[in-house]
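Trainee: Got a structure here, written out as structure tokens. Questions coming.
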Amino acid sequence: MIQNIPLSYFLVISTLMFFIGIYGFLTRRNLITMLMSIELILNSVNINFVAFNRYLYPQHLEGHFFMLIVIAVAAAEAAVAIAIIINIYRNFKSIDVENVDEMKY
Amino acid sequence: MVNEVMFYLIGAMILIFSVLTVTSRRILRAAVYLLFVLISTAGLYFMMNYNFLAAVQLTVYAGGIVVLIIFSILLTSHLSERAAMATVKQSLLSALATLAGATLTLMTILRFSFIPNPGTDPQLTITDIGNSLVSYNRDGYALPFEVASVLLLAAMIGAIVVAKKERTLKQ
């Protein structure tokens, strides 16, 4: 199904997605939207793993398992980050990074 | 021909919705755009004939993480609220840095010629993936599987402890 599509097209898409995620991480001021930018970055890395596995080593499974591990780490990271964000909201009544400027409360 | 059209369509969807995810001022809409990005990525995996990975992407990412994010948005912000963004100067500088990084990486990628493996379409079944996931031989991945499970357990317990309401001593 991908005979006429070179590998570099997938890499271009994932590179652009990675840097869009970095742009969002730099410009957003809300903790949840920053978390969403991180999800974009992790997702672009997954595309790279899977595309390399499909094009260069189709008889191996390394890319599959790297992608599954990255997804597991992303799920764990999202759960812990959201717990921290909800705790911050309880203490500061806001989740903008500008307002959260002290560690002790 | 049809494949190329599908690929360009999915690629355009991914890029457009990624940009909307990081620029939308409404947080809930940004989360829905993120959902579209993740679903289009599952489309890419389907194009590569990796059905299991596409299914995992749809269930864990699009089904699990996005729902978690939407829940936390509803818990922490009002729907009519607009997200605060960086100042114009900060946005311009970040865009400049991002463009420089993207240009450098794209030039490097496009200059290198990858030689694809001339093998035929691999007929992977879920049985193959499952067997190699729990085997400890040369092509087995039992250790990363166990590490991921312990990591998930620790993360879930940690999330519960962090998000738990603290009981004050007086009550």
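The values are calculated or read from the model by the stated rules, or taken from the named source; none is laboratory data. Quantities reported herein were computed from a predicted structural model and do not represent experimental measurements. Ideal geometry is used to build each Cβ from the backbone, glycine not excepted, and the neighbour counts take in all protein chains shown.
Trainee: From the residues in region A:58-72 that are facing chain B (nearest Cβ under 7 Å) and within 17 Å of A:V45 (Cβ to Cβ), which one is surrounded by the fewest Cβ atoms within 10 Å (Cβ to Cβ)? Steps first, please.
Mentor: To start, the set of residues in region A:58-72 that are facing chain B (nearest Cβ under 7 Å) comprises A:58-59, A:61, A:64-65, A:67-69, A:71-72.
Filter once more, keeping what is within 17 Å of A:V45 (Cβ to Cβ): A:64-65, A:67-69, A:71-72.
Numbers: A:H64: 23, A:F65: 19, A:M67: 22, A:L68: 23, A:I69: 17, A:I71: 22, A:A72: 20.
Filtering first and then ranking leaves A:I69.
Trainee: Sticking with this one: Filter region B:106-115 for residues that are more than 8 Å from every other protein chain (Cβ to nearest Cβ) and assigned to a helix (DSSP H, G or I) and give the result.
Mentor: Within region B:106-115, B:M107, B:T108, B:R111 qualify.
Trainee: Given the criterion in a helix (DSSP H, G or I), over 30 Å from B:D139 (Cα atoms), of a type in the set (S, T, N, Q) and more than 7 Å from chain B (Cβ to nearest Cβ), identify the matching residue among A:N48, A:N91. Steps first, please.
Mentor: Values: A:N48 fails: over 30 Å from B:D139 (Cα atoms).
Only one candidate qualifies: A:N91.
Trainee: Can you give me the number of residues within region A:74-88 that are facing chain B (nearest Cβ under 7 Å) and within 14 Å of the chain's Cα centre (by Cα)? Step through it out loud before you land on a result.
Mentor: Going residue by residue through region A:74-88, those that are facing chain B (nearest Cβ under 7 Å) are A:74-76, A:78-80, A:82-87.
Retained after the next criterion (residues that are within 14 Å of the chain's Cα centre (by Cα)): A:74-76, A:78-79.
Number satisfying all stated conditions: 5.
Trainee: Further, regarding this structure: Working carefully through the options B:S72, B:S80, find the one that is part of a loop (DSSP other than H, G, I, E, B) and of a type in the set (S, T, Y). Before you say what the answer is, go through the steps one by one.
Mentor: Details: B:S72 fails: part of a loop (DSSP other than H, G, I, E, B).
Among B:S72, B:S80, only B:S80 is part of a loop (DSSP other than H, G, I, E, B) and of a type in the set (S, T, Y).
Trainee: Restricting to region B:105-151, what's the tally of residues that are over 23 Å from the mean Cα position of the chain (by Cα) and within 29 Å of A:F19 (Cα to Cα)?
Mentor: The total comes to 10.
Trainee: Follow-up question, since we're still on this one. Exactly one condition in (1) at the interface with chain A (Cβ under 10 Å from one of its Cβ atoms); (2) surrounded by 10 or more Cβ atoms within 10 Å (Cβ to Cβ) is false for B:K165; which is it?
Mentor: Result: B:K165 fails condition (2) only.
Trainee: A further question follows. On the basis of being in a helix (DSSP H, G or I), within 7 Å of chain A (Cβ to nearest Cβ) and polar (S, T, N, Q), does B:S40 make the cut?
Mentor: Working: in a helix (DSSP H, G or I): yes; within 7 Å of chain A (Cβ to nearest Cβ): no; polar (S, T, N, Q): yes.
No, not satisfied.
Yes/no matrix, rows are residues, columns are (1) touching a residue at least 12 places away in the same chain (Cβ under 8 Å); (2) outside the structural domain of B:H78 (by TED's automatic domain parsing); (3) within 19 Å of B:F71 (Cα to Cα); (4) aliphatic (A, V, I, L, M):
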{"position": "B:N3", "(1), (2), (3), (4)": "yes, no, no, no"}
{"position": "B:M6", "(1), (2), (3), (4)": "yes, no, no, yes"}
{"position": "B:L15", "(1), (2), (3), (4)": "no, no, no, yes"}
{"position": "B:L20", "(1), (2), (3), (4)": "yes, no, no, yes"}
{"position": "B:R25", "(1), (2), (3), (4)": "yes, no, yes, no"}
{"position": "B:L35", "(1), (2), (3), (4)": "yes, no, yes, yes"}
{"position": "B:G43", "(1), (2), (3), (4)": "yes, no, no, no"}
{"position": "B:Y50", "(1), (2), (3), (4)": "yes, no, no, no"}
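Trainee: Same structure again: For region B:44-68, give me each residue that is under 29 Å from B:I160 (Cβ atoms) and either in contact with an Asp or Glu (Cβ under 9 Å, 6 or more places away or on another chain) or outside any helix (DSSP H, G or I) (or both).
Mentor: Quick first cut of region B:44-68, residues under 29 Å from B:I160 (Cβ atoms) only: B:55-68.
Listed by number, the residues that qualify are B:Y61, B:I65, B:V66.
Trainee: Let me ask something additional. Do you know which of the residues in region B:76-105 that are more than 9 Å from every other protein chain (Cβ to nearest Cβ) and closer than 16 Å to B:R25 by Cα is surrounded by the most Cβ atoms within 10 Å (Cβ to Cβ)?
Mentor: Applying the first criterion (more than 9 Å from every other protein chain (Cβ to nearest Cβ)) to region B:76-105 yields B:78-82, B:87-89, B:92, B:96, B:100, B:103-104.
When the remaining residues are screened for being closer than 16 Å to B:R25 by Cα, the result is B:78-82, B:87-88.
Working: B:H78: 8, B:L79: 9, B:S80: 6, B:E81: 14, B:R82: 12, B:T87: 10, B:V88: 8.
Among those that are more than 9 Å from every other protein chain (Cβ to nearest Cβ) and closer than 16 Å to B:R25 by Cα, it is B:E81.
Trainee: Just give me the residues in region B:69-91 being small (G, A, S) and modelled with pLDDT of 85 or more, in sequence order.
Mentor: So the first thing to find is which residues in region B:69-91 are small (G, A, S), and the list is B:72, B:77, B:80, B:83-84, B:86, B:91.
B:S72, B:S91, listed by residue number.
Trainee: When only residues in region B:60-75 that are more than 10 Å from chain A (Cβ to nearest Cβ) and surrounded by fewer than 17 Cβ atoms within 10 Å (Cβ to Cβ) count, which is farthest from the chain's Cα centre (by Cα)? Reasoning before the result, please.
Mentor: Going through region B:60-75, the residues more than 10 Å from chain A (Cβ to nearest Cβ) turn out to be B:62-63, B:67, B:74.
Okay, now just the ones that are also surrounded by fewer than 17 Cβ atoms within 10 Å (Cβ to Cβ), so B:63, B:67, B:74.
Numbers: B:G63: 12, B:V67: 13, B:L74: 21 Å.
Filtering first and then ranking leaves B:L74.
Trainee: Are any residues in region A:2-20 among the small types (G, A, S) and within 7 Å of chain B (Cβ to nearest Cβ), and if so, which ones?
Mentor: Taking region A:2-20 as the starting set, the residues that turn out to be among the small types (G, A, S) are A:8, A:14.
A:S8, the sole residue that qualifies.
Trainee: Related question: Within the group B:T105, B:T76, B:T59, B:T98, which residue is free of Cβ contacts under 8 Å to residues at least 40 places away in the same chain, more than 20 Å from A:L42 (Cα to Cα) and outside the structural domain of B:M156 (by TED's automatic domain parsing)? Spell out the reasoning first.
Mentor: On the way: B:T105 fails: more than 20 Å from A:L42 (Cα to Cα); B:T59 fails: more than 20 Å from A:L42 (Cα to Cα); B:T98 fails: more than 20 Å from A:L42 (Cα to Cα).
Matching residue, one of B:T105, B:T76, B:T59, B:T98: B:T76.
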